[in-house]
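What follows is calculated from the coordinates using simple rules that are stated; it is not laboratory data. Predicted, not measured: the structure shown is a model, and the values here were computed from it. Counting neighbours? That spans all protein chains shown, and the Cβs are built from the backbone with ideal geometry, glycine included.
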Amino acid sequence: MDFITDHLLSFILFSPLVGGLIVLLIPGENKDFTRRLALVLSLIPLAFTLVAWLGFGAAPEANGFRYQEQVNWYPAINSSYHLGVDGLSLSMVLLTALLSPLAILASFSVDERVKPYMALFLALETGMLGVFLSLDLLLFFVFWEIGLVPMYFLIDQWGSKTGERELWSGMKVSARGYASFKFMIYTMAGSLGLLLAIQMLGVVSGTFDMLALFQSWPSLTGSLFGLSIETVKAIAFWAFAIAFAIKVPVWPFHTWLPDAHTEAPTAGSMILAGVLLKLGAYGFLRLVLPLYPAQAQLYAGTLALLATLAIIFGAFAAYGQRDFKRLVAYSSVNHMGFVVLGIAAAAFAAGTESATIALNGAILQMFNHGISAAAMFFLVGVIYERTHTRDLDEWGGLFPLVPVFGGLLIFSSMSSLGLPGLNGFVSEFLVVRGAWPIFTLFTALSMLGLLFTGAYILKGIAKTLHGPLNEKWKGHITEINRREIAVLAPLLLLMLWLGLWPAWLLNVINQAVVTFFG
Amino acid sequence: MQIPNILSIIVFLPIVAGAVMLFIPPKNRDLIHRFALAVGLVCFLLSLVVYFSFDPNGARYQFLEKFDWLPALGISYYVGVDGITAPLVLLTGVVIFTGVIISQRIDDRPREFFSFLFILASGVFGVFVSLDLFALFFFYEIAVFPMYLLIALWGWKQTREYAAMKLTLYLFIGSVIALVGALAMYFASGLNTFDMIALEGANFSPEFQNLWFPFVFFGFAVLGGIFPFHNWSPDGHVAAPTAVSMFHAGVLMKLGAFAALRVGIMLMPIGAQTHLPWIILLTLVNVVYGALIAMVQTDFKYMIGFSSVSHMGLVAMGFATLNYNGYLGAGVQMFSHGVMTALFFAVVGMVYDQAHTREIPKLGGLVKYMPFVAVAFIIGGLTSMGMPGFSGFIAEFPIFMGLWNSHPWIAIVAAISVAVTAAYIMRAIGRVFFGEVPSELEGHMHDVKFSEKLALSVLCIFMVGIGLFPGIIVPLVNAGVNTVLSLLGGA
């Protein structure tokens, strides 16, 4: 038992990967068995995470992080396998561990090559968890990149079958091939700067350990490579910031997202929106703010501007869509804009009360968006499986045919819209409250953006559920089934619970905020 | 009777086996193939023994053995391995074993084919373990000569004669130039010995080193594929039969890089410090231009060939940083690239054997027929892209760190190649293994044999193993690199 508690994070981190290998290697072609096995295996990391969550307050702490583990990994360049969690990373780990089994349950309708699908999904979970758990910059990068691979294949192989894209050369490729390639190359090219900056940091500081870097790097003075340290830091700051901005995504780096989200299989979109986008925001919080406090403050205005544009343009773009899945995809740009706005505000006014509030809001918004985006993508997937279209104009008046589905859709949409009493309201309110005194104009504009959020969400609901009934669905569309409700139920409960009593999560988050940014 | 030195066994076993093989009646093909497999397996196992019994904390050179050969001229047979060569010996063992497995489909005069292949292997092992400059040249020529025959006789019919001739002339001219430099060292040292450890202490004058270093370095680096002397390599790789391409790109190119390091940089460190700062620009061309050329290839095998040029450029670039990280990365990259590229050529061979085309646009959807091969290629591809978790990352990361120490701007430019590599590898994976199966291929494709899967697995295990546990290889390379650095004056 001691072994487990001493290596709790390693168990969380590697149990999905081991599970994936088990799924892959157990012989037999029974698809049902594979699906159930994958589901059960994905509950193991969740169980470990809950153990970590419940024991969090009592666990020994060093430098603000708990459950730390450190083993030599690549001593020749001073990189070690160093894990640890604080309130920020633990809440993200919880989100990941929670969404993964739900996404797997949502994937029970996948019928092609179930084994590799499930194995990739579990491998993806390890990649995502690794980013949140790493306390070593090199290790962080390892997991950051490695998560791309399973996601690429999930989109490329199990994405939507129809659709073509014409390239500039006139060649036609499948839409999912186009989207997955764009996702991969966009993100890899984005992380190139990050990679270079990490190498540079490692060379200059002689270590990749985050805790050591947080101490040494910001206070570094002198000159480097014949440039003043400020210039080098500014360049490195942008290298980090762009890599993370692409992942979030911040306008104008978001163009990979609508394609990837739209073409990904339902569960893939759930994880993409639910967790993968959070990696970018997490990068800002974990690395950019502590490593570059001065640069972050200097450029916070730019970041806030981009966030505001993401909020406004994201909402407009979402409103303009006919494809329901694309609409939800653009809503992610819109919602993640609030996260970035909160982060920018905190960077500008670090240490003030407003900054603390904004940060709490941003982190809570990460969690909330994870839940509600996953639910929305799943609901789009549910209706897509029944009608084989995502075109909003093809539907209409479905409410009487599928009342339960309709109810659930409205509930999730309201959470996404920020209805008081549900989770989205709490976090957006905190962000706006925190950012208002810091970036008044941007915050005011963002609130106008919020208005359009309401518009596009209501458009989605109206086009699907209300209006004249499209007769062709009569008798062809079936009600949401029990498995699908089982996927949604935990998400909806969380929306309500976080809306009514967010303190259980905020307490944990606030601990990290106070320690690191207080 | 005294047990012979394990390195001597490794060096001479293949060539003896190659000779013995010629006595097997040519009709007895099964026996020929089995015999070749057995020899390959023994080489692999012996190289594993060398690798794992090498003590990174022990003496600099281990498993030493020395006999006088031509004492009047100071020539001896002197062998031993250090931390840099131990992985290369293992690499050779891995590639010979997997190459023999892949060659089980050779129908045309298999006896002679394997015989030449084993002579080649002896030459390669010999270069890696030689501590005597003369013996090194001796084995170097043994390694280059069978290459000509292997390509000209068993290669791709359309270009084999051209490619074999081009390759041999390039390498031969390179080695002659290097030999001139080596003889100059021999005479200038006044020690009357070819013993490289002794020559390290010869204290050649700076003028001498600055003059002769480029001869020796480029003479060998031709085989390492350095720009602008690289263009024999894609032609040679493409024309060669599968196992020979594996050997060639996997091991022979390392031979060039290693010899340039051992004879050039380690014996003339001052010359290296003078010249490498500009040579690094050539390696930059290798890395970036090689990747761009690979991206525009439509022939699957040419794409891999140019990717080798790009990746070997990283090795030379690591050398040119003249610092610890650069050498560490270059040492790991030599092994990593060898395994990776051997896998690539094996996969290309498997695809070509069945599809009879290597044009990427004419291939597609092969994952349905050969899922195992597809997975292996993906692992190789990820290694090639420098994806963390695979050996390529473990190698390239320190090289880039080394660049940051010595030439920060070059690090930034060279990083372009990472994105380009990702693009062409992902494109190849997508076009060849996924997507629609072209109608011409339907019905022609089938899965590969178990033994071939085994070969691919062996290669993959090294890439993933090192990627996850760098500790498998890094302590050895570290030991070797420290010696190099002490010769460079602790730079």
request  = Please compute P(r) over all alpha-carbon pairs of segment A:151-200, binned at 10 Å starting from zero, and give each bin as a whole-number percent.
outcome  = 25, 38, 24, 12, 1
ask   = Remind me, relative contact order of chain B in percent, using alpha carbon pairs under 8 angstrom and six or more residues apart?
value = 16
ask   = Given H placed on each backbone N at 1.01 Å, which residues far from A:ASP323 in sequence or on other chains put an amide H within less than 5 Å of it?
value = A:LEU392
ask   = Of the lysine pairs in segment B:6-487, how many meet both conditions: Cα atoms under 26 Å apart, and a spacing of 8 or more in sequence or different chains?
value = 19
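If one computes P(r) from the Cα atoms of segment B:120-253, what percent of pairs lie at distances over 26 Å?
27
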inquiry  = Just to confirm the filter: which trypsin sites (Lys or Arg not before Pro) across segment A:311-380 are DSSP coil and have at most 12 other Cβ within 10 angstrom of their Cβ?
reply    = A:ARG322
message = Please compute the modelled spin-label separation between B:SER53 and A:ILE477, points set 7 Å along Cα→Cβ, answer in nm with one decimal.
response = 7.5
request  = Under a cut-off of 27 Å between alpha-carbon atoms, report the lysines in cross-link reach of A:LYS472, not counting same-chain residues fewer than 8 places apart.
outcome  = A:LYS161, A:LYS325, A:LYS459, A:LYS463
ask   = Any number yet on Rg/Rh for segment A:297-373, C-alpha, Kirkwood?
value = 1.05
request  = Assuming a ≥ b ≥ c are the square roots of the Cα gyration tensor eigenvalues, decide whether segment A:378-460 counts as rounded (a/c under 1.5), prolate (otherwise, with a/b larger than b/c) or oblate.
outcome  = prolate
query = How big, on average over all directions, is the shadow cast by the Cα convex hull of segment A:406-518, in nm²?
reply = 9.5
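Step by step: find N for chain B, compute 2.2 N^0.38 Å, then divide the Cα radius of gyration by it. What's the final number?
0.91
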ask   = Taking the Cα atoms only, what angle lies between the long axis of helix B:206-221 and the longest principal axis of chain B, rounded to 10 degrees?
value = 20
ask   = Order of A:409-415, B:49-55, A:226-232 by packing, highest average Cβ count within 10 Å first?
value = A:409-415, B:49-55, A:226-232
message = Using 10 Å bins from zero, what percent of all Cα-Cα pairs in segment A:2-517 falls into each bin?
response = 4, 20, 31, 28, 13, 4, 1, 0
task = Starting from the Cα of A:LYS115, draw a straight line to each of the aspartates and glutamates and keep only those under 14 Å, dropping any in the same chain fewer than 8 residues away.
result = A:GLU29, A:ASP32
message = Considering the Cα positions of segment B:205-252, please state its Rg to one decimal place and its Dmax as a whole number of Å.
response = 14.3, 46
Neighbourhood charge, 13 Å Cβ-Cβ cut-off, centred on B:TYR140 and excluding it, Lys, Arg +1 and Asp, Glu -1 = 0
message = I'd like to compare A:369-377, A:503-511: which one has the highest average count of other Cβ atoms within 10 Å, and what's the full order after that?
response = A:369-377, A:503-511
request  = Treating each Cα of segment B:340-482 as an identical point scatterer and ignoring solvent, apply the Debye formula and state log10 I(q)/I(0) at q = 0.09, 0.10, 0.13, 0.14 Å⁻¹.
outcome  = -0.34, -0.41, -0.65, -0.73
ask   = For B:PHE372 and B:ALA19 in the same chain, what is the full-extension length gain: residue separation times 0.36 nm, less their Cα-Cα distance, in nm?
value = 123.5 nm
inquiry  = What is the angle, in °, between the Cα long axis of helix A:229-247 and the longest principal axis of the Cα atoms in chain A? Nearest 10 is fine, range 0 to 90.
reply    = 20
query = Could you give the angle, 0 to 90 degrees to the nearest 10, between helix B:416-428's Cα long axis and the longest principal axis of the Cα atoms of chain B?
reply = 30
task = Return P(r) of segment B:353-420 (all Cα-Cα pairs; 5 Å bins starting at 0; whole %; ordered from short to long distances).
result = 4, 14, 17, 18, 13, 11, 10, 8, 5, 1
query = Given labels modelled 7 Å from the Cα in the Cβ direction, how far is it in nm from A:ALA503 to A:GLN215?
reply = 3.7
inquiry  = Below 8 Å between Cα atoms, with a sequence gap of 6+, how large is the relative contact order for segment B:165-287 in percent?
reply    = 33
ask   = Once the principal axes of the Cα atoms of the protein assembly as shown are found, what is the range along each, listed largest first in whole angstroms?
value = 98, 67, 57
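Of the GluC sites (Glu not before Pro) in segment A:1-105, which ones lie in a loop per DSSP and count no more than 10 other C-beta atoms within 10 Å? Don't skip to the answer; put the middle values down first.
Details: sites: A:GLU29, A:GLU61, A:GLU69; in loops: A:GLU29.
Passing sites in segment A:1-105 are A:GLU29.
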key: In segment A:144-224, the chymotrypsin sites (Phe, Trp or Tyr not before Pro) that fall in loop regions by DSSP, at most 14 other Cβ within 10 Å   = A:TRP168
query = Measuring from centroid to centroid over Cα atoms, what is the spacing of segment B:358-395 and segment B:253-302 in Å?
reply = 24
note = Restricting to Cα pairs under 8 Å and 6 or more apart, the percent relative contact order of chain A works out to 14
